Amino acid sequence: MLELKNIKKNYYVGDTVVNALKGINLSFRNKEFVSILGPSGCGKTTLLNIIGGLDHYTSGDLIIDNISTKKFKDRDWDTYRNHRIGFLY
């Protein structure tokens, strides 16, 4: 259902590049319950924001039901969030 292939996320602060995610590869099965754990600053929120379509990845691919999100428009992300994914904080 959901697959992350070599997802990278960089933030740019002046001339400095901050590598928030460095090539994440994950697969989630349909209706699977998942928790993401780790120390502060390790990229959990960044990863969740990318999975939820709230933030865009720098490179790699997020695949939803065998469909790449590389060409998703805002409307596609809205539909995905409204009908396909949820978060518990």
Here the gain from full extension of residue 13 to residue 63, 0.36 nm per residue of separation minus their alpha-carbon distance, amounts to 15.1 nm
Multiplying the sequence separation of residue 1 and residue 49 by 0.36 nm and subtracting their Cα-Cα distance, what value in nm do you get? 15.5 nm
Asserting the computed 222 nm helical MRE of the chain (DSSP H runs at least 4 long, -39500 (n - 2.57) per run, divided by residue count, to nearest 500) equals -5500 deg cm²/dmol
Highest to lowest packing among 73-85, 44-56, 27-39, scored as the average C-beta count within 10 Å: 44-56, 73-85, 27-39
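Values quoted throughout were computed directly from the atomic coordinates according to the rules given, and no laboratory measurement underlies them. The structure displayed is predicted, hence computed values, not measured ones. Positions of Cβ are backbone-derived with ideal geometry, glycine not excepted, and every protein chain shown enters the neighbour counts.
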